[in-house]
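> Right, I'll just put the structure down here and ask away after.
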Ligand SMILES: Cc1ncc(COP(=O)(O)O)c(C=O)c1O
């Protein structure tokens, strides 16, 4: 069964193009991505490259493809990639960098998504510890960290992490699937972020609401390699303007979409608190809420479903609610109604 977006809380990826986004297709361009001839895609790539003050950017269809391509281009073959044990890359991306790139994911314990700058692995990178296992060549950090409710790791942390990486000769990729959120909220300075990594990716299909699309930014040389890897994995679609036009429209309304999504999440947080829910995780600026249902998660999920509302368990023990641009007053009202009758 398909839930209407306004009653669907499982992710901000469930939004559908609205009339304005569909109208943006009237200005569609039909150039071929393989020949780098699509005007809308070129515009999107230039916009993101200059946003992060990087030399170039490469458009792809999904966040998983962005990570796969970026990580491959910054890592040497048969090396390992250090990442958080609670990252999307480690948990939810089908180990694509291992299957396609010959890379081993080396998870390290994280606290709220942060890889400690004191973790023992830093001192082991260049000594014999890694002699008999894949030697690391890159680090991947996820910011905002979705498993912690969209918590921001902070610009200062990212800067220090990049310095630490450079000190031991590792590249750093930021998986910024939702990093446009703190940028549109004015919390992150994109130039600062771009200066704190080798490559960065972000998605147009998350809070800002395009139906698909993601992008990797980096040096000219790296992005030229990214285009080769994109081709290799079958990601060089042809008339990409069909998607790029909607991504540009989503970007033009990004601030409004992110602000609205966070507002809805703040309202839902208050509703949950009012109704006695405890241990709710809701970072200030985030559109994500994590909580445990005292009645049992399964019970609550089924109860909401009987009201035509979809919520889901992210991991055993935690319900995750993600707010988006197509939630509205009706969403809040129906959510409250369902909660009152638990
Ligand atoms: C942090 C993060 N990275 C990457 C992805 C993968 O994006 P996609 O679903 O577009 O492949 C997600 C998906 O939600 C994500 O949350």
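The values are calculated or read from the model by the stated rules, or taken from the named source; none is laboratory data. Small disclaimer: the values here were computed from a predicted structure and weren't measured. Ideal geometry is used to build each Cβ from the backbone, glycine not excepted, and the neighbour counts take in all protein chains shown.
> Got a number for residues in the stretch 102-111 being surrounded by 14 or more Cβ atoms within 10 Å (Cβ to Cβ) and modelled with pLDDT under 95? Explain how you work it out, then say what you get.
Residues of the stretch 102-111 that are surrounded by 14 or more Cβ atoms within 10 Å (Cβ to Cβ), as a first pass: 102-108, 110.
Within this subset, residues satisfying the condition of being modelled with pLDDT under 95 are 102.
Number of matching residues: 1.
> Can you pull out the residues in the stretch 232-265 that are in contact with a strand residue (DSSP E or B) (Cβ under 7 Å, 6 or more places away or on another chain), in the same structural domain as residue 199 (by TED's automatic domain parsing) and not in a loop (DSSP other than H, G, I, E, B)? Outline the logic, then answer.
First, the residues of the stretch 232-265 that are in contact with a strand residue (DSSP E or B) (Cβ under 7 Å, 6 or more places away or on another chain): 235, 240, 244, 265.
When the remaining residues are screened for being in the same structural domain as residue 199 (by TED's automatic domain parsing), the result is 235, 240, 244.
Answer for the stretch 232-265, where residues must be in contact with a strand residue (DSSP E or B) (Cβ under 7 Å, 6 or more places away or on another chain), in the same structural domain as residue 199 (by TED's automatic domain parsing) and not in a loop (DSSP other than H, G, I, E, B): just 244.
> Then there's this: With respect to residue 48, determine if the residue is within 17 Å of residue 209 (Cβ to Cβ), outside the structural domain of residue 328 (by TED's automatic domain parsing) and surrounded by 15 or more Cβ atoms within 10 Å (Cβ to Cβ). Show your work before the answer.
Working: within 17 Å of residue 209 (Cβ to Cβ): yes; outside the structural domain of residue 328 (by TED's automatic domain parsing): yes; surrounded by 15 or more Cβ atoms within 10 Å (Cβ to Cβ): yes.
Spelling it out, residue 48 is indeed within 17 Å of residue 209 (Cβ to Cβ), outside the structural domain of residue 328 (by TED's automatic domain parsing) and surrounded by 15 or more Cβ atoms within 10 Å (Cβ to Cβ).
Yes or no, residue by residue, for (1) more than 30 Å from residue 38 (Cα to Cα); (2) crowded, with 18+ Cβ neighbours inside 10 Å; (3) free of Cβ contacts under 8 Å to residues at least 24 places away in the same chain:
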{"position": "245", "(1), (2), (3)": "no, yes, no"}
{"position": "278", "(1), (2), (3)": "yes, no, yes"}
{"position": "300", "(1), (2), (3)": "yes, yes, no"}
{"position": "308", "(1), (2), (3)": "yes, no, no"}
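> Within the stretch 169-179, restricting attention to residues that are within 22 Å of residue 222 (Cβ to Cβ) and within 12 Å of the ligand (Cβ to nearest atom), which residue is surrounded by the fewest Cβ atoms within 10 Å (Cβ to Cβ)? Explain how you work it out, then say what you get.
As a first pass, look at the stretch 169-179 and keep what is within 22 Å of residue 222 (Cβ to Cβ): 169-177, 179.
Then drop every residue that is not within 12 Å of the ligand (Cβ to nearest atom), which leaves 173-177, 179.
Details: 173: 29, 174: 27, 175: 30, 176: 28, 177: 26, 179: 24.
Result: 179.
> Among the candidates 51, 68, which residue alone is touching a helix residue (DSSP H, G or I) at 6+ places or on another chain (Cβ under 8 Å), within 15 Å of the ligand (Cβ to nearest atom) and on the phi < 0 side of the Ramachandran plot? Let's see the steps before the verdict.
Values: 51 fails: within 15 Å of the ligand (Cβ to nearest atom).
Being touching a helix residue (DSSP H, G or I) at 6+ places or on another chain (Cβ under 8 Å), within 15 Å of the ligand (Cβ to nearest atom) and on the phi < 0 side of the Ramachandran plot holds for just one of 51, 68, which is 68.
> Please verify whether residue 115 is crowded, with 24+ Cβ neighbours inside 10 Å, within 12 Å of the ligand (Cβ to nearest atom) and free of Cβ contacts under 8 Å to residues at least 60 places away in the same chain, treating the condition exactly as stated. First the steps, then the outcome.
Numbers: crowded, with 24+ Cβ neighbours inside 10 Å: yes; within 12 Å of the ligand (Cβ to nearest atom): no; free of Cβ contacts under 8 Å to residues at least 60 places away in the same chain: yes.
Answer is no for this residue.
> Can you tell me which residue within the stretch 79-91, out of those that are in contact (Cβ under 8 Å) with a residue 60 or more places away in the chain and in a helix (DSSP H, G or I), is nearest to the ligand (Cβ to nearest atom)? Step through it out loud before you land on a result.
Here is the first cut: in the stretch 79-91, the residues in contact (Cβ under 8 Å) with a residue 60 or more places away in the chain are 82, 84, 86-89.
Those still in the list that are in a helix (DSSP H, G or I) too: 88-89.
Working: 88: 4, 89: 7 Å.
Once the filter is applied, the top-ranked residue is 88.
> Of 76, 99, 94, which residue is in a helix (DSSP H, G or I) and surrounded by fewer than 19 Cβ atoms within 10 Å (Cβ to Cβ)?
Values: 76 fails: in a helix (DSSP H, G or I); 94 fails: in a helix (DSSP H, G or I).
Step by step, each of 76, 99, 94 is checked, and only 99 is in a helix (DSSP H, G or I) and surrounded by fewer than 19 Cβ atoms within 10 Å (Cβ to Cβ).
> For the stretch 312-335, which positions are surrounded by 14 or more Cβ atoms within 10 Å (Cβ to Cβ) and either at pLDDT below 95 or within 15 Å of residue 281 (Cβ to Cβ) (or both)? First the steps, then the outcome.
Step one: list which residues in the stretch 312-335 are surrounded by 14 or more Cβ atoms within 10 Å (Cβ to Cβ), which gives 312-314, 318-327, 331-332, 334-335.
Listed by number, the residues that qualify are 313, 314, 318, 319, 320, 321, 322, 323.
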